[in-house]
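The structure appears below as structure tokens.
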Amino acid sequence: MVQFPKIIQGGMGVGVSNWRLAQAVSKLGQLGVVSGTALDALFVRRLADGDPGGHMQRGLDAFPFPDMARRIWSEYFTPGGKAPDASYPNLPMHQRTSPRKLVELCMVSNFVEVFLAKEGHKNPVGINFLEKVQMPHLASIYGAMLAGVGYVLMGAGIPLHIPGVLDAFAAHHAAEYKLNVTGAQPGDDSQMRFDPADFVEGPLSMLHRPRFLAIISSNTLANTMLRRASGRVDGFVIEGPTAGGHNAPPRGKLQLNAAGEPVYGDRDQVNIPELRELGVPFWLAGGYGNAEKLREALEMGAAGVQMGTAFAFSEESGMRSDLKKSLLTQAVAGTGVVFTDPLASPTGFPFKVAQLEGTSSSFPIYQERKRVCDLGYLREAYSTGDGKLGYRCAAEPVDNYVSKGGKIEDTVGRKCLCNALMANIGHAQTRKDKSVEPPLITVGDDLNSIVQYLVPGRDSYSAADVIEAMLRPGVEAENVDSYVEVHAFAATA
């Protein structure tokens with residue numbers, strides 16, 4: 001029998017679930033999770049800001065490949081920080097085969113984030129990735145494993161090949177991962193490969209193989225993962241359509257309600273009794289951010305719950321303080337509104353957006369933004385028809401996208417989530433014309449419920465306040481149904 005955390009802090013990107021938040025949650029015996037999305041770009045921007053507090057340097061000093069760490073520090077650190085109106089350095093965008101320095105940045109940045117989250121305690125820390133953001137996966141996962149990450153969580157797709165990658169990297173063996181390519185032709189090479197031997201700077205002992213949790217939204221996906229995954233699946237996070245960030249599209253033909261949001265029905269509900277029969281632990285997510293819902297989840301046989309929105313507004317999260325304050329004020333007044341936008345994300349998945357006047361969450365303001373794609377994490381790979389791969393994003397300049405074979409109708413309403421999410425955490429890019437990228441806040445439908453964590457007389461709350469409220473007397477301290485024997489599932493893929 002294995003004891004699992006009752007609370008998983010959601011992996012909110014980019015940098016909202018930062019090392020400070022994950023550290024605070026894990027110190028209290030729950031599972032703190034850092035976001036692995038765009039960590040290479042975030043790491044460079046932290047260095048360009050002069051590394052306030054010296055935290056990135058402390059992580060670099062612990063990195064096991066010192067020559068690599070010195071190269072990165074030398075190239076990207078700006079003593080005293082860049083000028084406030086200066087632009088952040090631009091990195092090359094990821095491809096099937098990315099430049100070596102970009103691969104090294106992925107390794108180092110993921111190591112540092114996990115290393116810092118693990119400081120000061122001995123409890124596990126997790127890292128969250130999006131299956132849709134495939135190209136940085138291999139180097140990022142290896143870097144996180146070098147730091148001893150305890151859990152890898154992945155959603156926004158069907159991550160069948162990740163368990164086998166974890167198995168390979170635990171022994172420092174090479175791993176491959178097939179890139180999804182639109183219009184792939186027979187003979188197209190879409191395989192990505194990472195060999196630790198190309199980067200190590202000395203002998204290394206075996207690495208801890210982290211537990212793998214797939215973030216899914218249906219019983220079908222749960223069964224598929226257990227039957228076809230390339231290695232052991234250790235559990236599931238069952239995410240409903242009220243959760244923040246990307247949501248799974250409704251099953252069947254897409255229908256919109258009067259507000260223009262996707263309509264979810266009975267087919268989108270998970271059958272919990274069938275899920276229990278699979279014999280692996282699971283956590284429920286999406287609207288489970290209070291003690292009563294945690295108790296309900298435990299009674300249904302879940303190991304616990306995953307929650308993001310409550311932690312997104314905690315003092316430790318990476319969200320800009322002014323944005324936290326504005327939305328907290330709305331929540332106190334009961335006026336917070338979250339719109340499930342079927343078009344915003346270039347991935348085509350519905351995406352939750354909090355409505356906040358004066359930011360990109362106010363759609364007319366965002367429509368005025370000049371289309372720029374210079375981070376490219378959500379680009380799709382496509383076959384050019386001559387054995388080569390191209391890359392395009394539905395949020396890039398329309399003419400560029402269409403010239404690459406994209407459909408013009410797919411560009412309507414798309415928003416640059418990469419730049420917007422960087423702006424959410426205080427690292428907005430400044431353009432040559434001195435315009436600054438606007439933020440776009442994503443949270444769950446239960447935004448207004450975060451007032452439950454505010455103590456009278458205070459205008460903010462901590463991660464500890466959230467956990468204390470969730471585990472208040474009345475929630476069973478130990479529920480035998482929330483402990484499940486972990487079975488090793490043989491790979492059949």
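Criterion first (buried (at least 17 other Cβ atoms within 10 Å of the Cβ), out of contact with any Phe, Trp or Tyr (no Cβ under 8 Å at 6 or more places or on another chain) and not small (Gly, Ala, Ser)) does residue 102 satisfy it? Judged against the criteria, residue 102 is a match.
Taken together, the residues in region 12-60 that are charged (D, E, K, R) and modelled with pLDDT under 95 amount to 0.
Determine whether region 191-204 contains at least one residue that is in contact with a Lys or Arg (Cβ under 9 Å, 6 or more places away or on another chain) and modelled with pLDDT under 95. Yes: one or more hits. Given the condition touching a residue at least 40 places away in the same chain (Cβ under 8 Å), crowded, with 19+ Cβ neighbours inside 10 Å and under 22 Å from residue 136 (Cβ atoms), answer yes or no: does some residue in region 47-55 qualify? No, region 47-55 contains no residue that is touching a residue at least 40 places away in the same chain (Cβ under 8 Å), crowded, with 19+ Cβ neighbours inside 10 Å and under 22 Å from residue 136 (Cβ atoms). The numbered conditions (1) in a loop (DSSP other than H, G, I, E, B); (2) under 20 Å from the mean Cα position of the chain (by Cα); (3) modelled with pLDDT under 95 are all true for residue 233 except (3). Look at (1) closer than 16 Å to residue 340 by Cα; (2) not in a loop (DSSP other than H, G, I, E, B) and you find that residue 241 fails only one, number (2). Checked against (1) part of a helix (DSSP H, G or I); (2) over 17 Å from the mean Cα position of the chain (by Cα); (3) not basic (Lys, Arg), residue 279 passes all but condition (1). Of all residues in region 192-225, exactly one satisfies the criterion of being out of contact with any helix residue (DSSP H, G or I) (no Cβ under 8 Å at 6 or more places or on another chain), in contact (Cβ under 8 Å) with a residue 12 or more places away in the chain and of a type in the set (Ser, Thr, Tyr), namely 224. Filtered by the rule that a residue be assigned to a strand (DSSP E or B) and either touching a Leu at 6+ places or on another chain (Cβ under 6 Å) or farther than 20 Å from residue 94 by Cα (or both), region 128-137 gives a lone residue, 128.
Residue check: is residue 343 under 20 Å from the mean Cα position of the chain (by Cα) and farther than 22 Å from residue 10 by Cβ?
Values: under 20 Å from the mean Cα position of the chain (by Cα): yes; farther than 22 Å from residue 10 by Cβ: yes.
The answer is yes for residue 343.
Restricting attention to region 373-411, the residues being in a loop (DSSP other than H, G, I, E, B) and within 25 Å of residue 422 (Cβ to Cβ) number 14. Each residue in region 92-122 was checked for being closer than 23 Å to residue 149 by Cα, assigned to a loop (DSSP other than H, G, I, E, B) and in contact with a Lys or Arg (Cβ under 9 Å, 6 or more places away or on another chain), and 3 pass. Within region 221-237, the set of residues being buried (at least 24 other Cβ atoms within 10 Å of the Cβ) and β-branched (Val, Ile, Thr) comprises 233, 237.
Per the listing 261, 299, the residue uniquely modelled with pLDDT of 90 or more, closer than 28 Å to residue 467 by Cβ and acidic (Asp, Glu) is 299. Within region 401-452, restricting attention to residues that are of a type in the set (Asp, Glu) and within 21 Å of the chain's Cα centre (by Cα), the residue that is surrounded by the most Cβ atoms within 10 Å (Cβ to Cβ) is 446.
A quick yes/no check of all residues on (1) among the acidic types (Asp, Glu); (2) touching a Ser or Thr at 6+ places or on another chain (Cβ under 6 Å); (3) assigned to a loop (DSSP other than H, G, I, E, B); (4) closer than 27 Å to residue 352 by Cα:
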{"residue": "4", "(1), (2), (3), (4)": "no, no, yes, no"}
{"residue": "15", "(1), (2), (3), (4)": "no, no, yes, yes"}
{"residue": "34", "(1), (2), (3), (4)": "no, yes, no, yes"}
{"residue": "53", "(1), (2), (3), (4)": "no, no, no, no"}
{"residue": "74", "(1), (2), (3), (4)": "no, no, no, no"}
{"residue": "81", "(1), (2), (3), (4)": "no, no, yes, no"}
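Here the condition is being modelled with pLDDT of 95 or more, touching a Phe, Trp or Tyr at 6+ places or on another chain (Cβ under 8 Å) and more than 30 Å from residue 10 (Cα to Cα); of 405, 376, it holds for 405 alone. If we scan region 297-310, do we find a residue that is out of contact with any strand residue (DSSP E or B) (no Cβ under 7 Å at 6 or more places or on another chain), under 29 Å from residue 18 (Cα atoms), among the hydrophobic types (A, V, I, L, M, F, W, C) and buried (at least 24 other Cβ atoms within 10 Å of the Cβ)? Yes.
The values are calculated or read from the model by the stated rules, or taken from the named source; none is laboratory data. All figures in this text were calculated on a predicted structure; none of them were measured in a lab. No Cβ is skipped: glycine too gets one built from the backbone with ideal geometry, and neighbour counts run over all protein chains shown.
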